[in-house]
Every structure is written in structure tokens, then in C-alpha cells.
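Novice: Quick one: structure below, then a few questions.
Every number in this text was worked out from the coordinates using simple rules, so none of it is lab data. All of these numbers come straight from a predicted model, not from anything done at the bench. Here Cβ is always computed from backbone atoms with ideal geometry, including for glycine, and neighbour counts include all displayed protein chains.
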Amino acid sequence: MRCNSQGGVARDDARDRGVRASSGLPLPGRSDSPSREVEKRSARTDLQASGRNFLAALDWNRLLDIAIATVALVVLSPLIALVAFAVKLESRGPVFFRCNRVGRGGRPLAMLKFRKMRNGASGSPLTAARDDRFTRIGRLLAETKFDEIPQLWNVLRGGMSLVGPRPEDPTFVGLHPEQYAEILRVRPGITGLSQLAFANEAEILAVDDRVNDYVGRILPQKMALDRLYVEGRSLSMDLRILAWTLAAIVLRRDAAVHRGTGRLTLRHPRGPQPAAAFADSAQAAAGLADSPALADSTRGA
């Protein structure tokens, strides 16, 4: 009797499970219904999609700027203190100089540099390779590019990026407003394609007329490279530019920049090129050398 009773109960339980399974009802001992499983899968899918959207929305270039600028300021703090002491010891005046430049979206930018010139020095807004206005420590800073180190603070504050178009003087920007409206859609940078291409700019400018030579010959090429960077800007491009910049500073190896693609290669030595200015640009630049705005932007740099 006991065995039959148990067998009957087992058969009844099996029939009950079959009916529940065929009708879509939850089986005994299982709390999740099919609809509950669908809801869970949907929630997991939504969570994964939200994670992908969050990662896509991150400004990886800005995160790279903050990380590298923070580490660099900490690591270079002894050098910064030493340079500041040397600048102050050699000549009177402030340690840092704020250059008036045009930043992202046309906003004013006070770009920081170590002061290279005698306090109160004035003259051409473009420096020569052996500029008489340089102090001794200033000449060394110009040759090593160490005068640019304080711009890491501009990067940390968000006014500049590690990589981007070179910040330009408002007077020069005013000569090409349409082109710079496109270029300044991104933050200007400490280094970039135009900075690498014209790392030795002071050595190739015409000695007798640096401003007109710059406006007629150098500036158009810089704008073309800056627009090329803005159009193809990516994290991988920024990393390549940073690597070549590091090679230029540490290994003293200059980079050559392809004017059509922006491709970076090792620069091979070549003879000096003629400083032939373009007539239209030179005419637009007439009188800039004596411009009060340009003189003010360079005084004491």
C-alpha cells in the first residue's frame, strides 16, 4: 500500500509538471517565469549599451591631457624651481611671461612661458635665433624649448591641449578669420604638426623683415597643417605627435611633416631655403612690424 501510494503521488506530480510546462506556467521550485528571464536579459543589454555609450562619450584626448600634464608637472617640479631661480637671479622682472594668444572658439588665452628676455624689452614680435633681447638663461631656454614647460599649467586648466594647433597672436589671427574659425574649433596645443614642422622657425625667417616673411611664407603653411590636424584629429595621431616631440627634445632628432597627409618622418639635413614672400600676404602684413598690439604681446617674453 505504501509503495502504491508513493507511486501514485509521483505520477500525479509528473502529470502536474507536464501540464505546467506545456502551458508556460512556472514549475514548482522555480521562481523565474519566462517573462522574468526576458526582463533580466533586457536589463543586461541596456546596461551594456549604457557602458558603451559612456565610453564613447568620454573625451579621451582631454583625459590624456590631464594625466600627462599632472605627472609631468610633478616630475619636472625640481627643474621648474631651478629654472625659476635662474631667471630671477639673472635679471629683474617676473619669472613667467603671459603671451596674449587666441584660444579655442576665439577666446583670449594667456599662454605661460618662462621669461626669456630682459624685463621691458620690446621690438619685433618674432624672435631671431640670436636675439639681442635674450638673457643668457633665456637663450638657453629658447634653444632647449624649456621655456614652454609652464604651458602644462594651461593644459591642466583646460585652456590648451598637449597636442593641437599652435596658439597664434590675435593680430595674425585677424588676417585670416575664416581659416582660424575652423582651426580654433579645438584647443590650441603645446606641440602639433605645425610646431614640429617649424621647430627651427627663428633660424629660417628673413633677418631684415621677420614679420612680413612670417606672414607671407610661414603662416600659410602653418594654417594648412593646423587645418589638416583638425580634420584628421584622433588619439592615435596625438600619441604619434607626442612621440616625435619627445624625440625632438630628448634625442635632438627633428621631424619632417608631409604637407598633404601630415605623416611624420625623420628630417634629413638640407641647405637653407630662400625667404621669398607671397605678394598678397605681404601686402596684408604691411606695417605689422610696428604694430603696438604686436609689440605689447612680445614685450619681455
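Novice: Where q = 0.19 Å⁻¹, what log10 of I(q)/I(0) comes from the Debye formula for the stretch 45-184, counting one point per Cα?
Specialist: Rounded to two decimals, the profile gives -1.19.
Novice: Sticking with this one: Given points 7 Å out from each Cα along the Cα-Cβ axis, report the Val71 to Arg157 separation in nanometres with one decimal.
Specialist: 2.4
Novice: Would you calculate the convex hull of the Cα atoms in the stretch 67-132 and tell me its volume per residue in Å³?
Specialist: With only Cα atoms used, the stretch 67-132 gives 131 Å³ per residue.
Novice: Multiply the residue separation of Arg252 and Ala128 by 0.36 nm, subtract the distance between their alpha-carbon atoms, and state the gained length in nm to one decimal.
Specialist: Value of the extension gain: 42.7 nm.
Novice: Quick one: which residues, 5 or more positions from Gly189 or on another chain, have an amide H under 5 Å from its amide H? H modelled 1.01 Å from N in the peptide plane, none for Pro or chain starts.
Specialist: Amide H neighbours of Gly189, under 5 Å, 5+ apart: Ser161, Gly164, Arg166.
Novice: While we're on this one: Would you mind ranking Val102, Val38 so that the residue whose beta carbon has the fewest other beta carbons within 10 Å leads the list?
Specialist: So the ranking, lowest neighbour count to highest, is Val38, Val102.
Novice: Continuing with the same structure: Which three extents, in angstrom, do the Cα atoms of the stretch 148-261 have along their principal axes, listed largest first?
Specialist: 36, 32, 31
Novice: Given a cut-off of 31 Å, what percent of all Cα-Cα pairs of the stretch 61-298 lie beyond it?
Specialist: Of all Cα-Cα pairs in the stretch 61-298, 18 percent lie more than 31 Å apart.
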